1. For the range 39-49, in order, what is each residue's ³J(HN,Hα) by Karplus, 6.51 cos²θ - 1.76 cosθ + 1.60 with θ = phi - 60°, in whole Hz (x at glycine and Pro)?
2. Are there trypsin sites (Lys or Arg not before Pro) in the range 9-41 that DSSP marks as loop and that have at most 12 other Cβ atoms within 10 Å, and which are they?
3. Once the other residues with Cβ under 15 Å from the Cβ of residue 114 are scored (Lys, Arg +1; Asp, Glu -1), what is the net sum?
4. Among the listed pairs 99/163; 99/158; 99/131, which are separated by more than 31 Å between their Cα atoms?
5. Where Lys and Arg each count +1 and Asp and Glu each count -1, what net charge lies around residue 33 among other residues with Cβ under 11 Å from its Cβ?
6. Can you list the equivalent-ellipsoid semi-axes of the range 8-49, largest first and in whole Å, using the square root of 5 times each Cα gyration tensor eigenvalue?
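Quick note: the coordinates plus some simple rules give every number you see, no bench work behind them. Just so we're clear, the structure is a prediction, and the values are computed from it rather than from any experiment. For neighbour counting, all protein chains shown are included, and Cβ atoms are generated from backbone atoms with ideal geometry for every residue, glycine included.
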Amino acid sequence: MSGSHAEIVRVDVGGKHAWVVRDLDSSNGTLVKCRSVTLRPGMTLLIGSRRYRFELTPTAASPSRHEAQDSKTALVDDLNAPAADALPALVETTPTGDKTPRRHPFRSLRLAIGRPGFGNDIELDDMCVAKVHAIVTRDASGVWQLEAQPSLNGIWVKIDAVKLTDNCLFQCGEQRFKFVLP
């Protein structure tokens with residue numbers, strides 16, 4: 001935990017007050033446990049014991065030039081199967097012995113995330129991950145949503161600031177806290 005990691009402040013909202021937790025540019029960030037979250041590029045998530053960053057990259061394949069007998073024709077390579085590095089993905093940011101971060105590309109519009117051996121689309125070899133830990137879906141407008149499934153650890157999202165509700169769980173460094181209203 002940083003020396004000045006986060007603050008909890010009372011703010012006025014339309015004549016009523018609310019409590020907000022704000023990260024103070026801490027080195028490890030402040031995370032909040034959530035049931036579901038809209039994934040945004042660069043967002044940091046804690047799933048099990050590891051941190052991941054959501055990367056949203058262009059999915060359209062680039063045109064390539066193929067030689068015809070007497071003319072050049074531009075063809076679009078298989079748009080339905082872009083390269084794995086062009087797909088949206090969870091990228092592990094937890095330091096490991098590997099120099100290359102592990103990418104988990106989103107190969108369909110609905111994916112299950114969980115431990116290996118349980119039919120998940122993204123398998124995370126982590127004892128802190130449930131059999132099926134989360135479901136990721138993409139709606140018709142292209143927005144990715146992550147929904148936690150029943151587990152002991154849940155899904156945690158790094159935040160700049162968020163309104164606290166009764167029994168909200170948040171984490172500063174490795175310390176977890178529960179916010180309780182009187």
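1. Ordered by residue, 3J(HN,Hα) equals 6, 10, x, x, 5, 9, 10, 10, 10, x, 9 Hz.
2. Numbers: sites: 10, 16, 22, 33, 35; in loops: 35.
Listed in order of number, the matching sites are 35.
3. With Lys, Arg at +1 and Asp, Glu at -1, the neighbours total -1.
4. Violating the 31 Å limit, Cα to Cα: 99/163.
5. On the way: positive: 35, 176, 178; negative: none.
Its environment carries a net charge of +3.
6. 25, 14, 10
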